[in-house]
Structures are given as C-alpha cells and as structure tokens.
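Below: one structure, written as structure tokens.
Derivation of every value follows stated rules applied to the coordinates shown; laboratory data play no part. Not measured: the values here are computed from a predicted model. As a convention, Cβ positions derive from the backbone with ideal geometry for all residues, glycine included, and neighbour counts pool all protein chains shown.
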Amino acid sequence: MPSSIANDPISVLVAFRGGTVKPWKFRWGNRMFEVKRVNLIHGSREGRSRVFTFSCSDDANFWKLRFDTESLEWRLVEYATE
C-alpha cells in the first residue's frame, strides 16, 4: 500500500452526532471522496490552536484529515491507496 504525504487544503462535509464531528465527504482537487469509517481521532495543541486529526478510510483508501480550530481550515495531510 503506497503512502504519500500531502498538505493540501480540502473542503469537508461533516456530520454532527452525539456532540462529535465526523467527516462525511471531502473534495480534493476535482474529486469527491466518501468517508466510510473514522478509525481514529487525535487532538493536540499547536500554540493557541486546537488541532484534530481524523484517520479515515473507505474500501480502498486511507486518509489523514487535519482540522485547525483557529483557522477553521481542513487539510489532507496523508493518504494511501491499495
């Protein structure tokens, strides 16, 4: 499974359930991807910002999506395909 590092801005649709945020779909370039599973959510601090990393997948892809609560910006930071 080849893995690649990225730091690309993305647009994300999220679902709010039980007080949590779950990425649902995201647009990267001209493609739309559907998140089938959120495998792990990790929160950390970077200065004043609270940053959340979502490890997500579908049946053939794995992505790490990063959300910065200070800038309200989403980024695709890592991806892998079968």
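What the table shows:
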| quantity | calculated |
| --- | --- |
| Charged-residue dipole, Cβ positions (Lys, Arg, Asp, Glu), the chain about Cα centre, Debye nearest 20 | 280 |
| GNM result for the chain, Cα springs below 10 Å: residue of R27, R66, R45 fluctuating most strongly | R45 |
| Value of relative contact order over the chain, rounded to a whole percent, pairs C-alpha under 8 Å and six or more apart | 31 |
| Interchain or long-range residues, amide H under 5 Å from V35's placed H | K25, F26 |
| Cβ-based charge dipole, the chain, positive-most Cα from S71, F33, G18 | G18 |
| Sparsely packed GluC sites (Glu not before Pro) within segment 1-79, loop by DSSP, other Cβ within 10 Å at most 11 | E70 |
| Cα centroid separation, segment 43-82 to segment 24-39 (Å) | 12 |
| Full-extension gain in nm, L72 to R17, via 0.36 nm per residue minus C-alpha separation | 17.9 nm |
